[in-house]
Amino acid sequence: MAGRPHDVTLSVGLLEKLAGLKKPEPPKPVMAPRPGIQLPTRSPVSAEAARMLAQDKQLTRQLQATKEVSGLLVKAEESEVARMQAMADELVKKFSVPAKPAPCQSEASACTQCFKEHAKEAWRCAEVAEAYRQCSSRAFSAARGAAVARSG
């Protein structure tokens, strides 16, 4: 029995009981016959029509019960969604890592500024460009080493 799945059936009565709902039974109207009016002894509708009317009443009751159950399920879903959102927010706070600034920002801006100033004489920016290349190589190597250390 350990490997077999279990079927769970939620009935309207069970959901109403869990939600604490009790439906009062509506009183049935009692019609007293009027004096002087003769009621027919035979129903004016056929047996098939009477069966369909009874089935319609039954379907109407089932539809109402289904609407009540769906309302209870929506309420339960809303509370679960709120609970899951709170748990997700807690996990994000617990495991999120603050964003790190991009490396070599000063070297990059110095390189850009040099190339703007010496647009026709780019060779003048060789030292600045080399400093930027070396910085980015160091940053890449450091990040790669950290990733290998985490995975190993």
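Values in this text are rule-based calculations from the coordinates and carry no lab data. Just so you know, these numbers come straight off a predicted model, no measurement behind them. Every residue, glycine as well, gets a Cβ built from its backbone with ideal geometry; the counts of neighbours run over all protein chains shown.
Counting only residues that are surrounded by fewer than 12 Cβ atoms within 10 Å (Cβ to Cβ) and within 25 Å of Ala99 (Cβ to Cβ), region 113-139 holds 1 of them.
Inspection of region 58-74 identifies no residue that is exposed (fewer than 11 other Cβ atoms within 10 Å of the Cβ), over 26 Å from Gly13 (Cβ atoms), of a type in the set (D, E, K, R) and free of Cβ contacts under 8 Å to residues at least 12 places away in the same chain. Looking at Val92, Val128, Val148 in this structure, which one is touching a helix residue (DSSP H, G or I) at 6+ places or on another chain (Cβ under 7 Å) and part of a helix (DSSP H, G or I)? Sole residue among the options that is touching a helix residue (DSSP H, G or I) at 6+ places or on another chain (Cβ under 7 Å) and part of a helix (DSSP H, G or I): Val128.
Screening Pro103 against (1) surrounded by 11 or more Cβ atoms within 10 Å (Cβ to Cβ); (2) not in a loop (DSSP other than H, G, I, E, B) leaves a single unmet condition, (2).
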